[in-house]
1. Can you tell me which residue among B:Gly174, B:Gly230 is within 16 Å of ligand 1 (Cβ to nearest atom) and modelled with pLDDT under 95?
2. Restricting attention to the range A:106-117, report how many residues are more than 14 Å from chain B (Cβ to nearest Cβ) and in contact with a Leu (Cβ under 9 Å, 6 or more places away or on another chain).
3. Among the residues in the range A:118-129, are any within 11 Å of chain B (Cβ to nearest Cβ) and among the polar types (S, T, N, Q)?
4. Quick one: would you say A:Glu203 is assigned to a helix (DSSP H, G or I), acidic (Asp, Glu) and either within 16 Å of ligand 1 (Cβ to nearest atom) or open to solvent by 10 Å² or more (accessible area, probe 1.4 Å) (or both)?
5. Could you figure out which of (1) in contact (Cβ under 8 Å) with a residue 40 or more places away in the chain; (2) surrounded by fewer than 17 Cβ atoms within 10 Å (Cβ to Cβ) isn't true of B:Ile75?
6. A:Glu96 passes all but one of (1) open to solvent by 40 Å² or more (accessible area, probe 1.4 Å); (2) within 14 Å of chain B (Cβ to nearest Cβ); which number fails?
7. Name the residues in the range B:193-206 that are surrounded by 18 or more Cβ atoms within 10 Å (Cβ to Cβ) and of a type in the set (Phe, Trp, Tyr), would you?
Amino acid sequence: MIKVEDLHKSFEDLEVLRGVNTTFEKGKTNLIIGQSGSGKTVFLKCLLGLFTPDEGTILYNGKAYQNFSKNEKRELSKQMGMVFQGGALFDSMTVEENVVFPLKMFTKMTKGEMKNRVEEVLDRVNLVDTNDKFPSEISGGMQKRVSIARAIVNKPNFLFCDEPNSGLDPRTASVIDNLIQEITHENDITTVINTHDMNSVFEIGENILYLENGLKAWEGNKDNIYKTDNQKLTDFVYASNLFQKVRVTQREGL
Amino acid sequence: MFLFYFYQKFQKGLERMLSNYIKSIGQYFIMIYETFRRMTKTSELKRLILQELDDLIISSLGIVVFISFFIGAVIAIQTALNFSNPFVPKSLIGFAARQSIILEFAPTFVAIIMAGKVGSYITSSIGTMRVSEQIDALEVMGINSLNYLVFPKIIAMCMFPFVIAISMFVGIIGAYTASVYGGFLSSEQFLAGLQEDFIPFQVFYAFLKSFIFAIILATVPAFHGYYMKGGSLEVGHAATTSFVWTSVIIIFMNYFITQLLLS
Ligand SMILES: Nc1ncnc2c1ncn2[C@@H]1O[C@H](COP(=O)(O)OP(=O)(O)O)[C@@H](O)[C@H]1O
Ligand SMILES: [Mg+2]
């Protein structure tokens, strides 16, 4: 579980986050939604410790980050897995080398144990026969899956995904969404996902945070997001034509 | 009135530029400091260093040998043509070629070539990792990305003086070939000139210089890549800027070291 209290983050004159309060629950897929440029990535990078917040507290399993010792911080970073927007796979390494990398750097596993674990996670994300390929040689969807495999190989307690299905076709996007949701449930971990994709919202939005102007403008889940009275969120949800039609159909009782 | 307006604008711009430069210089030294902290796992570092030796040093040998040979040859021919006075001993050609190759051409000229080849490679490879968030990925895993990326390059570039030694050797062979086979002087005369007034300190100076250039060649382009902002378009831009700065700093350091050690 991650609790965020009064989170502020600015870049020079630009206030990106202006005091966000929320809780990301364990064993659930927690979504952060909002328009492009609304600060989703910045928020996630604060949670990851890549950005230091200007103000506010982030509590991991009840303990504030400021109170972590140096060693505890290092331990915490080993409990985190991240799927970056573009995958961020290491170009110079093969798929297998990418996935084994966190194990090689931070565990005392033997070669055989590493090999088994890598096979296990690659199997979990349904990747076969790609072990010796380089990231540039596989499709975008496969890259995302390798990225997920690399993020979960060290059995993290916290999984962060930055727009995991951007740039993918709807079918592949939905496969990736479901994969992340299953992994979250299987391992009972805290997963935070950035997205502006409405399909994801309705599919895996077990907990949804809507960011607007650097503040939490709405919080809920996929079942009550229809009923929101936040006009901007309504516009956001129904922005795509598909849902426009759905809404019209619903209203007219067809 | 008009002039005053421009003067004000100019002053503001100048102030901003200066403060940016000072900030960058500070950031550069912080980067160097961070590079030597929180070392990456030794086995991984070893692999990275070998990789960088291959990418930075071995792969540059071909071009260095090629250029050194022909520049050495040209230096010899130019000297020969410009000293047609019969009272000047022919061996001077060998002497002049040795001096210019060891003191300036091999260390400085090759360093500038390397700023183009190795420098732009370092900037673009680190810059690409920055824009595609691979550096963030390293940091999230708890790896000191500066140590992981820059330290192996610095260590590999410590082999740069060997490249310079090869360049000196090949340059002199080039000079020998061009002047002896070009019929400007005999082999004995050339070799006599080559050994004339040899001052070992000058060789030390040349290698010290090469070593300092090597550190600049590894770190300045790395700085430009690591702290770049933007997308893939900016990577190309960063590589160009990095080449300009690396050469400028090398040329300036060359002047500084020469003034300090030889005058
Ligand atoms: N490192 C940075 N330096 C300065 N500004 C930044 C930085 N990272 C993000 N921003 C700015 O913060 C705002 C939010 O960006 P981001 O979190 O990437 O949005 P998104 O919701 O699309 O992920 C943008 O205006 C962006 O320009
Ligand atoms: Mg983003």
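1. Values: B:Gly174 fails: within 16 Å of ligand 1 (Cβ to nearest atom).
Unique residue meeting the criteria: B:Gly230.
2. Pass one, the range A:106-117, residues more than 14 Å from chain B (Cβ to nearest Cβ): A:112-113, A:115-117.
If we keep only those that are in contact with a Leu (Cβ under 9 Å, 6 or more places away or on another chain) too, we end up with A:113, A:117.
So the answer is 2.
3. So in the range A:118-129, the residues within 11 Å of chain B (Cβ to nearest Cβ) come out as none.
No, the range A:118-129 has no match at all.
4. Numbers: assigned to a helix (DSSP H, G or I): yes; acidic (Asp, Glu): yes; either within 16 Å of ligand 1 (Cβ to nearest atom) or open to solvent by 10 Å² or more (accessible area, probe 1.4 Å) (or both): yes.
The answer is yes for A:Glu203.
5. Condition (2) is where B:Ile75 drops out.
6. Evaluating A:Glu96 over (1) open to solvent by 40 Å² or more (accessible area, probe 1.4 Å); (2) within 14 Å of chain B (Cβ to nearest Cβ) leaves (2) as the failure.
7. Matches in the range B:193-206: B:Tyr205 only.
Let's see how each residue does on (1) among the polar types (S, T, N, Q); (2) within 20 Å of B:Val140 (Cβ to Cβ); (3) within 14 Å of another protein chain (Cβ to nearest Cβ); (4) open to solvent by less than 70 Å² (accessible area, probe 1.4 Å):
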position	(1), (2), (3), (4)
A:Val16	no, yes, no, yes
A:Val20	no, no, no, yes
A:Ile33	no, no, no, yes
A:Gly37	no, no, no, no
A:Val42	no, yes, yes, yes
A:Gly62	no, no, no, yes
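The values are calculated or read from the model by the stated rules, or taken from the named source; none is laboratory data. As the structure is a prediction and not an experimental result, all values here were calculated from the model. FYI the Cβ positions are ideal-geometry reconstructions off the backbone, even for glycines, and counts take in every protein chain you see. Protein only, heavy atoms only, side chains kept; ligands, DNA and RNA dropped before computing areas. Shrake-Rupley method; radii C 1.70, N 1.55, O 1.52, S 1.80 Å.
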